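Here the structure is laid out as structure tokens; the discussion comes afterwards.
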Amino acid sequence: MTDFLLSTGLEAVNWSRAQFALTAVYHWLFVPLTLGLALIMGIMETCYYRTGSTFWKDTARFWQKLFGINFAMGVATGIILEFEFGTNWSNYSWLVGDVFGAPLAIEGIVAFFLEATFVGVMFFGWDKVSKRFHLASTWLTGIGATISAWWILVANAWMQYPVGQAFNPDTMRCEMTSFSQVALSPFAIDKFVHTVISAWIIGAIFVAAVSCYYLYRRQKSGGAGDGERDVAVQSFKIAAIVGLVSSVLVMISGDESGYRVAKCQPMKLAAMEALYNGGNGVSLTGVALINPFEQPDYISGKEPPMKIAVPKMLSVLATRSLDGYVPGINDLIQGGYKLPDGTIAPSLLEKTTRGTKAIEALAAYRQAKKDGDETAMEESRKVLDSNIQYFGYGYVNQAEQIVPFIPVCFWTFRLMVGLGMLFVLFFIVALFYAYKRDFTKTRWLHIAGMVMLPLGYIASEAGWLLAEFGRQPWTIQDMLPTWVAVSDINVGSVMLTFFIFLVFFTLLLIVEINIMCKAIKRGPAFSRVAK
């Protein structure tokens, strides 16, 4: 990108965003189940290794088969997702490719090949390699998938909290200055922990739902045999333990993520709380009447109607203090409040003024370099360096551009948290019935287990929608807005490929669900009836 003043029509920007969102949403249907099943099938094969029981071998092979179907679909959508950075977001790729590309390259070279290598042994190595080596292959497949998620999430976290880099006006690119800061930033660690644990919940819900299906089918028509019943019972018990532990841990990691968002992305926090005017000792909103289809009038500062809130809890979440100051949307626009380091928060006007200075200084630097004027180069470089942190604000023309769409942020947060609390309750009940009652005949629990499956995916997708909608309009926080990051591409091409991908991904999903359902209806294959 040779001209930072490039501006593409909003229609192209919106269609490019829609296409990337479409791909990401479909991709995320497959990823969490891969990570969740990897843990559970590893536990089951460990049971086989320790006991030598053929029952656990057959059980592990059954869940590995479902893992394999899902794994293949996830790879297909993930590859397309990475290509879209170059096709639709070439300005972004040019600017930060040296930083953003590093974790993606490591993910492909190290993590993906690790899981791709051992997944073959896991599927085809039964009775061909030792039990110990096969167990190691199963765990290494899951570890590879988790490491793969780590590097992808490092890249995503860097977009939301860009550290360990510096802009080079000579190359017009951001260059990495500290790999450790990029790979181990607090934002990346929190995002990884929260995301992976939430994927374990998806895996637990999936296993519990399939197990409940077998038990429900047996109750209704006697279609499941004793071996299938035993697989369902033992799988349900493991899923209940993994699910409850993960649900509790995800609440803890979610609290830490909220604290990190408050520090690094205060506008996202304000949007997801519909907090228009902040203050000290701010309440945490439980529910409020927010129109899901219309941006509310936050400028007036009037609180949403029918608001039910917990006193002071947002301040606790954001500052770890009952009386901590939490800025609202209008505060972030107007500035003037004291930051935790003692400085005064700049207003949006100050940020846009300094961002414009940075853009002008960059243009002056490049012109001076072209003219061979080293004195002018040095002066322009000083101005650029002193204002570079607000570079992205130089492209902002009005306050509305930096405020995310509040209804999406508000409702996805409540959907995610509300369903998370429901999962805790479900797994507590499931664990009680699994170990204290004969739940094989408890039909309402079987139905509840199957209902949890779509709710798990809704909660998972809601979390990602919040994460990505909440940082708008930034592709890179405070550095690069979407309308500058997008490729100079014909909008018709983006629209065409959007609908092609929509059809393609929908067919992939239908195929996966069809194959999954057939494999589940067929049930586990038994080496022998194992009691």
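The values are calculated or read from the model by the stated rules, or taken from the named source; none is laboratory data. Since this is a predicted model, take the numbers as computed values, not measurements. Methodologically, a virtual Cβ is constructed for each residue, glycine included, from the backbone with ideal geometry; neighbour enumeration extends over all protein chains shown. These area figures cover heavy atoms from the full protein model, side chains too; ligands, DNA and RNA do not enter into them. Shrake-Rupley method; radii C 1.70, N 1.55, O 1.52, S 1.80 Å.
Calculated mean residue ellipticity, 222 nm, the chain: -24000 deg cm²/dmol, from DSSP H runs (n ≥ 4) at -39500 (n - 2.57) each, averaged per residue and rounded to 500. Among TYR365, THR506, TRP474, whose Cα projects farthest towards the positive end of the dipole of the chain, with charges put on the beta-carbon of Lys, Arg (+1) and Asp, Glu (-1)? With unit charges placed on the Cβ atoms, the residue in question is THR506.
What you get for the chain, charging only the Cβ of Lys and Arg (+1) and of Asp and Glu (-1), is a dipole of about 2860 debye around the Cα centre. Peptides 289-302, 172-185, 356-369, 407-420 ranked from most to least packed by the mean count of surrounding Cβ atoms within 10 Å: 407-420, 356-369, 172-185, 289-302. Normalised by the number of residues in the stretch 192-347, the mean separation of alpha-carbon contacts (under 8 Å, six or more apart) gives a relative contact order of 20 percent. The alpha carbons of the stretch 8-60 give a radius of gyration and a Dmax of 20.5, 64 Å, in that order.
Once the other residues with Cβ under 12 Å from the Cβ of GLU45 are scored (Lys, Arg +1; Asp, Glu -1), what is the net sum? Combined, the nearby Lys, Arg, Asp and Glu give +4. Annotation: the stretch 440-531 has a Kirkwood hydrodynamic radius of 18.2 angstrom, from the mean reciprocal C-alpha pair distance. Considering only LEU95, GLN19, PHE30, whose Cα is most displaced toward the positive end of the charge dipole of the stretch 1-102, charges sitting on Cβ of Lys, Arg (+1) and Asp, Glu (-1)? Final value for the positive-end residue is PHE30. In whole percents, the pair-distance distribution calculated for the chain from its alpha-carbon pairs, binned every 10 Å from zero, is 4, 17, 25, 24, 17, 9, 4, 1, 0. Taking all Cα-Cα distances within the stretch 148-289, those exceeding 17 Å account for 73%.
The packing ranking of peptides 152-165, 370-383, highest mean first, is 152-165, 370-383, where packing means the average number of other beta carbon atoms within 10 angstrom of each residue. The packing ranking of peptides 507-513, 94-100, highest mean first, is 94-100, 507-513, where packing means the average number of other beta carbon atoms within 10 angstrom of each residue. One compactness figure for the stretch 75-164 is 1.33, namely its Cα radius of gyration divided by 2.2 N^0.38 Å. Relative to the longest principal axis of the Cα atoms of the chain, helix 443-469 runs at roughly 20 degrees.
Taking only the C-alpha atoms of the stretch 302-352, the Rg (one decimal) and the largest Cα-Cα distance, Dmax (whole number), read 13.1, 36 Å. By the Cα gyration tensor, the stretch 310-439 has an equivalent ellipsoid whose semi-axes, rounded to whole angstrom, run 49, 19, 14 from largest to smallest. Cross-link pairs exceeding 32 Å in C-alpha to C-alpha distance, out of LYS131/LYS237; LYS131/LYS191; LYS237/LYS521, comprise LYS131/LYS191. The C-alpha atoms of the stretch 264-381 occupy a region whose extents along the principal axes are 64, 35, 19 Å, arranged from largest to smallest.
Seen against the Cα atoms of the chain and their longest principal axis, helix 131-160 is set at about 20 degrees.
Placing unit charges on each Cβ (+1 for Lys and Arg, -1 for Asp and Glu) gives the stretch 350-473 a dipole about its Cα centre, and among LEU419, ALA399, ASN387 the Cα reaching farthest toward its positive end belongs to LEU419.
Taken over the stretch 195-278, the convex hull of the Cα atoms encloses 104 Å³ per residue. Between 0 and 90 degrees, the angle of helix 348-371 with respect to the longest Cα principal axis of the chain falls at about 70 degrees. Protein heavy-atom surface of the chain, 1.4 angstrom probe: 65% of the accessible area is carbon and sulfur, with nucleic acids and ligands not counted. Shape summary: the stretch 384-497 maps onto an equivalent ellipsoid whose semi-axes, from the alpha-carbon gyration tensor, are 45, 17, 11 Å in decreasing order.
About its Cα centre, the dipole of the stretch 293-348 is roughly 180 debye, where the only charges are +1 on Lys and Arg Cβ and -1 on Asp and Glu Cβ. Per residue, the solvent-accessible area of the stretch 1-144 (1.4 Å probe, heavy atoms of protein chains only, all protein chains present) comes to 40 Å². Computed over the stretch 151-217, the quotient of the alpha carbon radius of gyration and 2.2 N^0.38 Å is 1.78.
Panel values: the stretch 1-141, Kirkwood radius from alpha carbon pairs, Stokes-Einstein at 37 °C and 0.692 mPa s, translational diffusion coefficient 187 µm²/s.
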